[in-house]
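Colleague: This structure is in structure tokens; I'll ask about it shortly.
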Number of protein chains: 2
Amino acid sequence: MATLKDISAELGLSVATVSRALNGFPEVGAKTRARVQEAAARLGYRPNRSAQRLATGRSGVVGMIVKLRADMSADQTFFDVLTTLTAELAACDLDLVLSVDQGSDPTAPYARMLERDLLDGFVLNAPVPDDPRPSFLRSRGVPFVMHGQAHDAPDYAFFGIDNRAVSADAVALLTDLGHARIALVNGEARFAFAGDREAGFRAAMAAAGLAVPDGFVQGGAPTESTGYTMALAWLAGRAGPRPTAILCATTAMAQGVLRAARDLRLSVPGDLSVIAHDDALPGIGPAHFTPPLTVTHAPMRDACAPLARMLIDHLNGADPARLQTVIRAGLIVRASTGPVPKGEERPWQTP
Amino acid sequence: MATLKDISAELGLSVATVSRALNGFPEVGAKTRARVQEAAARLGYRPNRSAQRLATGRSGVVGMIVKLRADMSADQTFFDVLTTLTAELAACDLDLVLSVDQGSDPTAPYARMLERDLLDGFVLNAPVPDDPRPSFLRSRGVPFVMHGQAHDAPDYAFFGIDNRAVSADAVALLTDLGHARIALVNGEARFAFAGDREAGFRAAMAAAGLAVPDGFVQGGAPTESTGYTMALAWLAGRAGPRPTAILCATTAMAQGVLRAARDLRLSVPGDLSVIAHDDALPGIGPAHFTPPLTVTHAPMRDACAPLARMLIDHLNGADPARLQTVIRAGLIVRASTGPVPKGEERPWQTP
DNA sequence: CCTCCATCTCAAACCGTTTTGAAAATGAAT
DNA sequence: ATTCATTTTCAAAACGGTTTGAGATGGAGG
């Protein structure tokens, strides 16, 4: 492997000049820079990471901790994010170290990783309400970015979608179609996003002057069977009126809802409208469900580039409170939503 | 952070002596070592990784690449291995970097990681028949250990179980019980282990003088539904005689087989014996199936400590061809296996 | 008392960068 | 031609360890 010293010897320059030439410092002459770059390419120069790190005091490695649930159901979303994030970070010369945790203390694995002192920062995911990790990491002075949002007015860097708006937009679409009895198949309550979705849902319903019957908001694992079970209970149950529309936290859940409707010989969207939030995970194509699924749309992986960018900025000393982005999910209307069935309209819409 | 220099200044020793004292070199006096260790602890000394790496030329980081399947079904086994391996490696001061790959070229992700030149070596998993990775990595001079075995007489470091024996032991148990028509719910053919399991199965059957009817060996994803579907086809099908015993590649598959038997009102082990190989994944307790499952038993995570040890030895220059371990799975007989049903015995066992 | 051999310790080189502070070269303005 | 302000380049000092080759110290044996 060629080193800076080799190049400087080859060219009769000092290593300092060579270093600056390669790193794009402005004070090096254009022709010198060209010569250096040519020589570097010719000699197959590749900077020594360890040396760079020693000199800069940075490791070039950021960490992420996977929380393993007892049921071992590995998050699809996690893999999607992981893949893209790795690529984005690599493009910025950062490596991602992963650690799997099964313990119950949410901050312990971070402390452990910090102890190994290989890391420049963290990417946090799956925030829970009042997530203790931000304050823990800040107390240690460790930069991090959060995928999602765990607090109302965070003072940390994060990227997330407006989950209240996700529900509100879906509710608005449905109420415009005349629906009044809308149920929510939510994510698990222990995740912060589920709280926001529910809050957005209830606020939008209230704003529309609609009641949310007891039991019309339920949370569960983001699986097809969760959607199936909940929908079956609502649609086949004899207790109280049935919903005419169901909001789902994920497309997999919507798949279960659609199956339940099929089993009950209910037509979608004739008898039931279904709408879901779509994280756009690879291998799941809600456009090809039967019927094609109306969704709020915010690809998980779109978060990765911003997250990587933010983390790097943070590493470079930017104020984390400035590194915050909330985007609004799109709305894609397909064929799973339609007008409320006759006779199920809101009272004042009845002719 | 205290450095070696701080300690040496504190104690009036040279950094060299301090370094050797802390690293356990024999030529440093016992009392000096004690003083150094005390001072190190008192000052909160923690070695600087980057500096160590620069000096030793080693990064202290090994990599592992997760192959993501199109169906996104994340391997439980993978998580189990990952967790334990991380811990084992950490105990040896090695960090594990994970990369997720979705591409089709099996060696490309390794090349990419090597380019980032952060790694001292790799842990390979999920070997396929004629796996191209070993020769690729050897051609690059990169140390690695394989979890599993992809070639008949490998010249690389690996740890695995004797998969032929797994099948053979199971067949032996069943033939001792008089079974003659045994079917195999195998893993996917594209993994090397499945080939070995099938070879062991066919060899053992042949040795027992038993035929394996067409279609009695099928491979599939290691899920409950795979087991259910295959078992249903064999047991409810009208084509040809039904098996009296079924071997499963995983306990999840066995769960499916048991469910199929229940659905068909077949008693286990009265009408059907079931045996599976048990990787002893967390959260799956075949001892508590109904009936408790007879298994060949080889905890996945038992591989991790040996793998870590081998990798470290390899890193330290050991001959990889010497770093090979094959263990034999245990056999745990529970209640899912029993004598062949009356009238289904092998001909010469009939009275 | 001197020698010899362990045992222990040290100063210095080294790993390959980045970064600093100063010197040299260049060019324009006087 | 001289001066001054800019480029442009350089030597050397970090960064924090490991490793080398040699010197110091000590005790035992003569």
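The values are calculated or read from the model by the stated rules, or taken from the named source; none is laboratory data. For clarity, every value in this text was computed on a predicted model and none was experimentally measured. Note that we place each Cβ from the backbone using ideal geometry, even for glycine, and neighbour counts take in every protein chain shown. Only protein heavy atoms, including side chains, enter the accessible area calculation; ligands, DNA and RNA are left aside. Shrake-Rupley method; radii C 1.70, N 1.55, O 1.52, S 1.80 Å.
Colleague: Among all the aspartates and glutamates, which ones have a C-alpha under 16 Å from B:Lys342's C-alpha, if same-chain residues fewer than 8 places away are not counted?
Modeller: B:Asp176, B:Asp271
Colleague: For the B and A pair, go ahead and give the buried accessible area with a 1.4 Å probe, both sides summed, in Å² to 100.
Modeller: Its buried surface, counting both partners, is about 3200 Å².
Colleague: Something else: To test your reading of the geometry: what angle, between 0 and 90 degrees and rounded to tens, separates the Cα axis of helix B:224-236 from the longest principal axis of chain B?
Modeller: 20
Colleague: Return the residues of segment A:28-55 for which accessible area with all protein chains present is lower than in the chain on its own by 50 Å² or more; set the probe to 1.4 Å and exclude ligands, DNA and RNA.
Modeller: SASA drop of 50 Å² or more in segment A:28-55: A:Arg46, A:Arg49, A:Ser50, A:Leu54.
Colleague: Using a 1.4 angstrom probe, figure out how much accessible area the protein assembly as shown has per residue, in square angstrom, rounded to the nearest whole.
Modeller: Per residue, the protein assembly as shown has an accessible area of 44 Å².
Colleague: Note the angle between two axes, namely the Cα long axis of helix B:192-207 and the longest principal axis of the Cα atoms of chain B, as a number of degrees from 0 to 90, rounded to the nearest 10.
Modeller: Taking Cα atoms only, the helix is inclined about 40 degrees.
Colleague: Given charges of +1 on the Cβ of Lys and Arg and -1 on the Cβ of Asp and Glu, with all other atoms neutral, how large is the dipole of segment A:225-343 about its Cα centre, in debye to the nearest 20?
Modeller: 440
Colleague: For chain A, give the magnitude of the charge dipole about the Cα centre (Cβ charges: +1 Lys/Arg, -1 Asp/Glu; no others), in debye to the nearest 20.
Modeller: Taking the Cα centre of chain A as origin, the dipole is about 500 debye.
Colleague: Could I ask something else about it? Mind grabbing the accessible area of B:Asp6 for me, 1.4 Å probe, Å², rounded to tens?
Modeller: It works out to around 70 Å².
Colleague: From the phi of every residue in segment B:144-161, what ³J(HN,Hα) in whole Hz does the Karplus formula 6.51 cos²θ - 1.76 cosθ + 1.60 yield, where θ is phi - 60° and glycine or proline is x?
Modeller: Those phi angles translate into 7, 10, 10, 8, x, 8, 10, 9, 5, 10, x, 9, 10, 6, 7, 9, x, 9 Hz.
Colleague: Using each residue's phi in segment B:127-142, evaluate 6.51 cos²θ - 1.76 cosθ + 1.60 at θ = phi - 60° and report the 3J(HN,Hα) Karplus result to the nearest Hz, with x for Gly and Pro.
Modeller: These are the phi-based 3J(HN,Hα) values: x, 10, x, 6, 3, x, 5, x, 5, 4, 5, 5, 4, 8, x, 9 Hz.
Colleague: Okay, moving on. Count the DSSP beta bridges whose two residues both fall in chain B, then state the antiparallel fraction as a percent rounded to the nearest 5.
Modeller: The antiparallel fraction comes to roughly 10 percent.
Colleague: Just read off the accessible area of A:Leu173 with the full protein assembly in place, 1.4 Å probe, to the nearest 10 Å².
Modeller: 30
Colleague: Treating only the Cβ of Lys, Arg, Asp and Glu as charged (+1, +1, -1, -1), what charge dipole size does segment B:4-47 show about its Cα centre? Round to the nearest 20 debye.
Modeller: 60
Colleague: Go through B:Leu266, A:Gly330, A:Ser139 and say which Cα lies farthest out towards the positive end of the charge dipole of the protein assembly as shown; charges sit on Cβ, +1 for Lys and Arg, -1 for Asp and Glu.
Modeller: A:Ser139
Colleague: Indicate the residues belonging to segment A:94-119 that lose 50 Å² or more of solvent-accessible heavy-atom surface (probe 1.4 Å) upon moving from the chain alone to the assembly of all protein chains, ignoring ligands and nucleic acids.
Modeller: The answer is A:Asp95, A:Leu98, A:Val100, A:Arg116, A:Asp117, A:Leu118 - residues whose exposure falls by at least 50 Å² when every protein chain is included.
Colleague: Sort A:Cys92, B:Cys304 from largest to smallest accessible area, using a 1.4 Å probe on the heavy atoms of the protein chains.
Modeller: A:Cys92, B:Cys304
Colleague: Another question, then. Rank A:His288, B:His151, B:His277 by accessible area, highest first, at a 1.4 Å probe radius?
Modeller: The ordering from most to least exposed comes out as A:His288, B:His151, B:His277.
Colleague: Looking at the protein assembly as shown, what % of its DSSP beta bridges pair antiparallel, to the nearest 5?
Modeller: 10
Colleague: Quick one: compute the contact order of chain A, relative version, from alpha carbon pairs under 8 angstrom and 6+ residues apart, as a percent. Can you show the working numbers first?
Modeller: Details: 609 pairs, mean separation 58.4, N = 351.
Dividing the mean separation by the residue count of chain A yields 17 percent.
Colleague: Still on this model: Give me the percent of the accessible area of chain B that comes from carbon and sulfur atoms, probe 1.4 Å, all protein chains in place.
Modeller: Whole-percent figure for carbon plus sulfur exposure: 54.
Colleague: I've got another one for you. Take B:Leu272, B:Leu281 and sort them by solvent-accessible surface of the protein heavy atoms, 1.4 Å probe, largest at the top.
Modeller: The most accessible residue leads, giving B:Leu281, B:Leu272.
Colleague: Sticking with this one: Lys/Arg Cβ at +1, Asp/Glu Cβ at -1, dipole of the protein assembly as shown taken about the Cα centre: which of B:Pro292, B:Met310, A:Gly200 is farthest positive-ward?
Modeller: About the Cα centre, the residue reaching furthest to the positive side is B:Met310.
Colleague: Using the Karplus equation 6.51 cos²θ - 1.76 cosθ + 1.60 (θ = phi - 60°), what ³J(HN,Hα) coupling, rounded to whole Hz, does each residue of segment A:8-13 give in order, writing x for Gly and Pro?
Modeller: So the Karplus estimates, Gly and Pro as x, are 5, 5, 4, 9, x, 10 Hz.
Colleague: How much solvent-accessible surface does B:Met300 expose, in Å² to the nearest 10, with a 1.4 Å probe and all protein chains in place?
Modeller: Accessible area, nearest 10 Å²: 40 Å².
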